[in-house]
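Asker: Have a look at the structure that comes next, please.
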Amino acid sequence: MSRFLVRTILSSMLICLVGCSSGEMIKSYTRENTSLGYVKTVAVLPFEGGNTQRIREFAMTQMLTSGVFDVVDKGRVDIALQREVISPGAPIDTGTLKRLGRVLKVEAFIFGSVEQKIQSRGNARYPEVVMTLRLIDSETGTLLWQATGRGSGYSLSDRLFGLAPKDEFLVTMDLLRELIDTIE
């Protein structure tokens, strides 16, 4: 009987450890009665937040690999923004979105914001990334889809087994994939 009890306790602990992950949280919204099927090509605009140039490129890569949208080259997007005298992260009115949409031949734009931090628990340090992506129609300026999520390099099971936390790159890529996967 005691062997059975020990096995039960160990199995329960293992199930608990597997369930105690980094706790990535994703929330998404898609406009009701809207099919995103007409959106074939998007332009990914510069993201808001610190050190976001790389993350913009990661987002473009993730969209291409997932096959959800074709993506306009970032150089073309940046030139179009410069011609319109739009600073990265600045608000863009509907008229400007329409012009940019026609110039870049896109049906929609991806806007994004990112916040990156290094957190601590005890003597462990790990990255945490909070990100929001928005899909905006280029003709109407209407919000079609939005997803927000938090990714963390912290994992209780990793700590208990002495494993290193996920680095910032892996946390960011995992979070981007999960956000983009919410696009219907």
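Asker: Within region 54-69, restricting attention to residues that are of a type in the set (A, V, I, L, M, F, W, C) and touching a strand residue (DSSP E or B) at 6+ places or on another chain (Cβ under 7 Å), which residue is most open to solvent (accessible area, probe 1.4 Å)?
Answerer: The residue in question is Leu64.
Asker: Now for a different question. Does Glu107 meet the test of being modelled with pLDDT of 95 or more and open to solvent by 10 Å² or more (accessible area, probe 1.4 Å)?
Answerer: Considered against the rule, which asks whether it is modelled with pLDDT of 95 or more and open to solvent by 10 Å² or more (accessible area, probe 1.4 Å), Glu107 comes out as yes.
Asker: Count, please, the residues in region 27-53 that happen to be modelled with pLDDT of 90 or more and open to solvent by 50 Å² or more (accessible area, probe 1.4 Å).
Answerer: Summing the residues that are modelled with pLDDT of 90 or more and open to solvent by 50 Å² or more (accessible area, probe 1.4 Å) in region 27-53 gives 8.
Asker: Here's another thing I want to ask about it. Checking Asp174 against (1) open to solvent by less than 30 Å² (accessible area, probe 1.4 Å); (2) within 30 Å of Lys40 (Cβ to Cβ), only one condition comes out false. Which one?
Answerer: (1)
Asker: Can you name every one of the strands (runs of 3 or more DSSP E) wholly within region 70-184 that holds 1 or more residues which are touching a Pro at 6+ places or on another chain (Cβ under 7 Å) and in contact (Cβ under 8 Å) with a residue 12 or more places away in the chain? Explain how you work it out, then say what you get.
Answerer: Values: elements: 108-121, 124-137, 143-152.
In region 70-184, 108-121, 124-137 are the strands (runs of 3 or more DSSP E) which contain 1 or more residues that are touching a Pro at 6+ places or on another chain (Cβ under 7 Å) and in contact (Cβ under 8 Å) with a residue 12 or more places away in the chain.
Asker: For Ile110, are the conditions met, namely being among the β-branched types (Val, Ile, Thr) and more than 24 Å from Ala43 (Cβ to Cβ)?
Answerer: When the stated conditions are applied, Ile110 does not pass them.
Asker: Moving on. Only one of Val130, Val72, Val85, Val77 is in contact with a Leu (Cβ under 9 Å, 6 or more places away or on another chain), surrounded by fewer than 18 Cβ atoms within 10 Å (Cβ to Cβ), under 22 Å from Thr52 (Cα atoms) and among the aliphatic types (A, V, I, L, M); which?
Answerer: After ruling out the rest, the residue left standing is Val130.
Asker: Can you tell me how many residues within region 133-169 are modelled with pLDDT of 95 or more, of a type outside the set (A, V, I, L, M) and open to solvent by less than 20 Å² (accessible area, probe 1.4 Å)?
Answerer: 4
The values are calculated or read from the model by the stated rules, or taken from the named source; none is laboratory data. Since the model is a prediction, treat every value here as computed from it, not as a measurement. Quick reminder, even Gly has a Cβ in these numbers, built from the backbone with ideal geometry, and neighbours come from all protein chains shown. Heads up: the accessible areas ignore ligands, DNA and RNA and are worked out on the full protein's heavy atoms, side chains in. Shrake-Rupley method; radii C 1.70, N 1.55, O 1.52, S 1.80 Å.
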